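Enquirer: Once you've had a glance at the structure underneath, I'll fire off some questions.
The values are calculated or read from the model by the stated rules, or taken from the named source; none is laboratory data. These figures come from a predicted structure and were not determined experimentally. Using ideal geometry, Cβ is built from the backbone for each residue, glycine included, and neighbour counts are taken over all protein chains shown.
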Amino acid sequence: MPFDTSLDNAPETLARLALAAGSRPDLTQGGGGNVSLKLNSERMLIKASGVKLKDVSPEGGYALVNYGNIRRRIASGPGSEGEFSDYICSQTLPVKGIKDAKPSIETGFHSLLNTVVIHTHSVYANMLNMSVEGAALGKEMFPQAEFIAYKSPGPQLCSAINDRARAAGHQVFFLANHGLAVANAGVLGALELNERVNDTIRRGLSLPPYPASDPAAGLSTYNSARLAHYGARFILENVLSPDQALYCGPEALEGRGEMEAVNEVLTALFYIMDCMKTLNLTPRFLSKADVLYFDAMKSGRYSRK
Ligand SMILES: [Zn+2]
């Protein structure tokens, strides 16, 4: 029998989490980030691939998966990128009245953590995740948190998180050159934990206010000015995150493409790079091999997030 959303308030709870995590461009940009909610020991609701967090509603934008099977698959070796992605899709269960949706590529690591998981590409966490000195600074602020070295999204990242994940208790994961994941047994606990981690970094590093967004058909005024400062060539040759690799190609830097997402990703990138300079932090760019992975991803069947 398909999962019936009219008999369960979990889709509403998921949408509330998604709105809290997804309505701030300093926490998520473009289609980045995702939230999930476990219903029991086997089933989990998670944002669908290609959907923005703020567009998740009780009526759609999410998928139901058997995360118990996904956990067991990761524990026994997730396999290659393609095999693992196919396996996650094969664990999708029907939801009554909701169009079938592909679960996020990040469903794997959500499966490993406590009941409620909020994963964002927070610019505050990424100040630590994207700098050489960041993990040491972060360990002083958050002695209990886990700091995971950079892995491509997918099976490699899941295996790295699996080694440190606890199915119970609250947890904070800093994912190098990527983002933040917090997990808690309850919805309010997860929202508070997410807020607390971001506030602690913002205050701890005395970070300036995040630039207001400036909707534009092409590049925003802020992004045009910062791009002129750094130079398009520098931005194309030095990649700090998967989002930059996926969204900020040569056309995007000329103001063509999915500009709402491009502007959000660029503002986050420039804010992080400007703050790092002020704080004397050293940016740690992705290797050429890590960047090439995203070229294959863009031309292949894996959609964003
Ligand atoms: Zn992510």
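Enquirer: Out of all the residues in the range 210-224, is one or more farther than 15 Å from V265 by Cα and at pLDDT 95 or above?
Expert: Taking every residue of the range 210-224 in turn, none turns out to be farther than 15 Å from V265 by Cα and at pLDDT 95 or above.
Listed here are the residues, each with its yes/no results for (1) acidic (D, E); (2) within 26 Å of A20 (Cβ to Cβ).
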residue: L207; (1), (2): no, yes
residue: A212; (1), (2): no, yes
residue: A232; (1), (2): no, no
residue: P242; (1), (2): no, yes
residue: L246; (1), (2): no, yes
residue: P250; (1), (2): no, no
residue: E260; (1), (2): yes, yes
residue: T278; (1), (2): no, no
residue: F294; (1), (2): no, no
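Enquirer: Would you pick out the residues in the range 225-247 that are within 15 Å of M273 (Cα to Cα) and crowded, with 17+ Cβ neighbours inside 10 Å? Steps first, answer last, please.
Expert: Applying the first criterion (within 15 Å of M273 (Cα to Cα)) to the range 225-247 yields 225-232, 234-241, 243-244.
R226, L227, I235, V239, L240, S241, D243, Q244, listed by residue number.
Table: residues versus (1) of a type in the set (A, V, I, L, M, F, W, C); (2) in contact with a Cys (Cβ under 8 Å, 6 or more places away or on another chain).
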| position | (1), (2) |
| --- | --- |
| Q144 | no, no |
| I148 | yes, no |
| P155 | no, no |
| E195 | no, no |
| R226 | no, no |
| I235 | yes, yes |
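Enquirer: Another question, then. Determine whether the range 156-173 contains at least one residue that is free of Cβ contacts under 8 Å to residues at least 40 places away in the same chain, crowded, with 22+ Cβ neighbours inside 10 Å, within 16 Å of the ligand (Cβ to nearest atom) and among the polar types (S, T, N, Q).
Expert: no
Enquirer: Say whether the condition of being away from the ligand (no atom under 16 Å from the Cβ) and either at pLDDT below 95 or hydrophobic (A, V, I, L, M, F, W, C) (or both) is met by at least one residue in the range 116-123. Lay out the reasoning, then the answer.
Expert: Going through the range 116-123, the residues away from the ligand (no atom under 16 Å from the Cβ) turn out to be 116.
From what's left, either at pLDDT below 95 or hydrophobic (A, V, I, L, M, F, W, C) (or both): 116.
For the range 116-123, residues away from the ligand (no atom under 16 Å from the Cβ) and either at pLDDT below 95 or hydrophobic (A, V, I, L, M, F, W, C) (or both): present.
Enquirer: Let me ask another. If you scan the range 255-277, which residues turn out to be in contact with a Leu (Cβ under 8 Å, 6 or more places away or on another chain) and not in a helix (DSSP H, G or I)?
Expert: Hit for the range 255-277 is G255, nothing else.
Enquirer: Hey, can you tell me all the residues within the range 27-60 that are touching a Pro at 6+ places or on another chain (Cβ under 6 Å) and of a type outside the set (A, V, I, L, M)?
Expert: P58
Enquirer: In the range 240-254, what residues are touching a His at 6+ places or on another chain (Cβ under 8 Å) and part of a loop (DSSP other than H, G, I, E, B)?
Expert: So the first thing to find is which residues in the range 240-254 are touching a His at 6+ places or on another chain (Cβ under 8 Å), and the list is 241-243.
The one that is touching a His at 6+ places or on another chain (Cβ under 8 Å) and part of a loop (DSSP other than H, G, I, E, B): S241.
Enquirer: Among the residues of the range 125-141, write down those that are farther than 20 Å from L286 by Cβ and buried (at least 23 other Cβ atoms within 10 Å of the Cβ).
Expert: none
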